[in-house]
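See below for the structure under consideration.
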Amino acid sequence: MEDRGEGEEPAAGLHFVGMKEDLIKAKRSFRTLEGRDILVLYHQEMFYALDFHCYHAGGPLQNGDIEEFDGKLCIVCPKHKYKISLAEGESIYRATNPYDPVPTTRWYSKGIKQRVHTVTETDGDVYVTLSHMSRFIESDYFQGEKGKAERERMEAEDSSKKSNTTS
């Protein structure tokens, strides 16, 4: 990426998300870019950006643990424990194939389910370029109006359940 001069705008599609040192300190940051909710992560000296809401049920990924599974660095959705690779947005799970002569637990892929975005850093400035992959990816649902309404409904149900257990 080219250096930008004083007062120049970055290249089209780049969104400034923060200063490198601030994002490193924060480790996880929420941003809304072009109406899309994004989680920017810093882990093991790398920046990652992905849709903020889990593809499965719209739960926020911000507090998910980051662990390695099958050689892939993943965020684990705190709501239902879905494992999503940070690099590709691939969902993986561990299971046995009952048709194997000797059923052995191994890792399987559900394919790419979470939209990931490109992160670039120049002279201490960090930018995200939103993914423009043309096909629908499951996490796209929770970025649209229907998905936002469903998230709000689920959050209201969760709040109601919590208030009933504390009463």
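The values are calculated or read from the model by the stated rules, or taken from the named source; none is laboratory data. Since we're looking at a predicted model, the values are computed, not measured. Positions of Cβ are backbone-derived with ideal geometry, glycine not excepted, and every protein chain shown enters the neighbour counts. The protein model used for the area step is the full one, side chains on, heavy atoms only, and it has no ligands, DNA or RNA in it. Shrake-Rupley method; radii C 1.70, N 1.55, O 1.52, S 1.80 Å.
For the reader, a short list of remarks on this structure follows.
- Count of residues meeting criterion [farther than 30 Å from Glu21 by Cβ, within 13 Å of the chain's Cα centre (by Cα) and part of a loop (DSSP other than H, G, I, E, B)] in region 113-165: 2
- Condition check for Thr32: in contact with a Leu (Cβ under 9 Å, 6 or more places away or on another chain), in a strand (DSSP E or B), of a type in the set (Ser, Thr, Tyr) and at pLDDT 95 or above: no
- Strands (runs of 3 or more DSSP E) wholly inside region 40-90 that include at least 1 residues being open to solvent by 30 Å² or more (accessible area, probe 1.4 Å) and more than 18 Å from Lys110 (Cα to Cα): 46-51, 65-69
- Subset of region 40-58 [in contact (Cβ under 8 Å) with a residue 60 or more places away in the chain and in contact with a Pro (Cβ under 8 Å, 6 or more places away or on another chain)]: His53, Cys54
- Evaluated against (1) within 24 Å of Thr122 (Cβ to Cβ); (2) touching a Cys at 6+ places or on another chain (Cβ under 6 Å), Glu21 falls short on exactly one condition, (2).
- Evaluation of Gly18 against (1) in contact (Cβ under 8 Å) with a residue 60 or more places away in the chain; (2) open to solvent by 70 Å² or more (accessible area, probe 1.4 Å); (3) over 30 Å from Glu157 (Cα atoms) (one fails), failing number: (2)
- Residue in region 13-29 that is on the phi > 0 side of the Ramachandran plot, at pLDDT 95 or above and not in a strand (DSSP E or B) present: yes
- Taking the criterion of being modelled with pLDDT of 95 or more and open to solvent by 50 Å² or more (accessible area, probe 1.4 Å), the only residue of region 122-135 that qualifies is Asp123.
- Whenever a residue of region 76-105 is touching a residue at least 40 places away in the same chain (Cβ under 8 Å), its partners that are of a type in the set (S, T, N, Q), lying with C-beta atoms within less than 7 angstrom and at least six residues away or across chains, give the pairs Gly89/Gln114.
- Residue that is at pLDDT below 95 and not small (Gly, Ala, Ser), where the choices are Asp3, Asp51, Asp65, Asp37: Asp3
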